[in-house]
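Asks: Below you will find the structure I want to go over with you.
The values are calculated or read from the model by the stated rules, or taken from the named source; none is laboratory data. Predicted model, so just to flag it, every value in this text is computed and none were measured. Methodologically, a virtual Cβ is constructed for each residue, glycine included, from the backbone with ideal geometry; neighbour enumeration extends over all protein chains shown.
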């Protein structure tokens, strides 16, 4: 039977696949999300939101950058239309993640409603964990496995929001803000761990260099432009290299499975 890192593909039932995904989510990824969500909970309380509002926002959006922008807009007395527009623009970054992960969730064994629930959980952490683990899981068990991952991560986020909300005032504002950066740090480390082609690392490097410039010249569109320009440039450059030039074997081909920071 596969372990929580997704090694192997012999889940006997959907229930076992779900439990394995849940266990994987409630390890390091879940802890990091809990800490990041605690920062958001403290921010939401400082902005005057109730703990119920903060948790509804977490469950409905499940994307910390969008939630921070929404809270900031509401705290500054901005219009609801403006807040919705800003959150929608930020949400565009999730579209390519969904497109990449969707083929692993679209098998003949997946129903329409399960797909809708699954894609709601696709954010940075769920995407990187699903992308690392699902290739090693049998097709008929992938949906259940990812639903377990998504359930665990959303539950950790809700718990973190509640804890952070309760601790607001006792935690220095600088620490609350710092906690929000744990998720992007984890994402970067996971990308570096799973990079197996020259183009992968090249895209990361170009994005790191281009990001600050895009933020300075096109705030609000910086993530979209960085991903579009950096990813395209990395693809074109890598395409000129030998297609067999790799930095390492792909995670799914390693003896110890997908691997990663967890």
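Asks: So which residues in the stretch 225-240 are over 13 Å from residue 201 (Cα atoms) and either touching a residue at least 60 places away in the same chain (Cβ under 8 Å) or in contact with a strand residue (DSSP E or B) (Cβ under 9 Å, 6 or more places away or on another chain) (or both)?
Replies: 227
Asks: For the stretch 223-245, name all the residues that are modelled with pLDDT of 75 or more and closer than 30 Å to residue 69 by Cα.
Replies: Of the stretch 223-245, the ones modelled with pLDDT of 75 or more are 225-238, 240.
Listed by number, the residues that qualify are 225, 226, 227, 228, 229, 230, 231, 232, 233, 234.
Asks: Among the residues of the stretch 23-38, which ones are in contact with a helix residue (DSSP H, G or I) (Cβ under 8 Å, 6 or more places away or on another chain) and over 12 Å from residue 128 (Cβ atoms)?
Replies: 23, 26, 30, 31, 34, 35, 36, 37, 38
Asks: Here are some conditions: (1) at pLDDT 85 or above; (2) surrounded by 18 or more Cβ atoms within 10 Å (Cβ to Cβ); (3) within 27 Å of residue 230 (Cβ to Cβ). Residue 90 meets all but one. Which one does it not meet?
Replies: Only one criterion is unmet by residue 90, namely (1).
Asks: Still on this structure, please answer the following. Residue check: is residue 118 buried (at least 17 other Cβ atoms within 10 Å of the Cβ) and out of contact with any strand residue (DSSP E or B) (no Cβ under 7 Å at 6 or more places or on another chain)?
Replies: yes
Asks: On the basis of being within 21 Å of residue 175 (Cα to Cα), at pLDDT 90 or above and part of a helix (DSSP H, G or I), does residue 18 make the cut?
Replies: Numbers: within 21 Å of residue 175 (Cα to Cα): no; at pLDDT 90 or above: yes; part of a helix (DSSP H, G or I): yes.
Considered against the rule, which asks whether it is within 21 Å of residue 175 (Cα to Cα), at pLDDT 90 or above and part of a helix (DSSP H, G or I), residue 18 comes out as no.
Asks: Among the helices (runs of 4 or more DSSP H) lying completely within the stretch 171-241, list those that include at least 3 residues that are farther than 26 Å from residue 31 by Cβ.
Replies: Working: elements: 173-179, 182-194, 198-217, 222-240.
The qualifying helices (runs of 4 or more DSSP H) are 198-217, 222-240.
Asks: For the stretch 41-80, how many residues meet the condition of being touching a residue at least 12 places away in the same chain (Cβ under 8 Å) and either assigned to a helix (DSSP H, G or I) or touching a strand residue (DSSP E or B) at 6+ places or on another chain (Cβ under 7 Å) (or both)?
Replies: 25
Asks: Go over the candidates 174, 195, 170 one by one and state the one that is at pLDDT below 75, over 15 Å from the mean Cα position of the chain (by Cα) and over 10 Å from residue 38 (Cα atoms).
Replies: Values: 174 fails: at pLDDT below 75; 170 fails: at pLDDT below 75.
That would be 195, the only listed residue that is at pLDDT below 75, over 15 Å from the mean Cα position of the chain (by Cα) and over 10 Å from residue 38 (Cα atoms).
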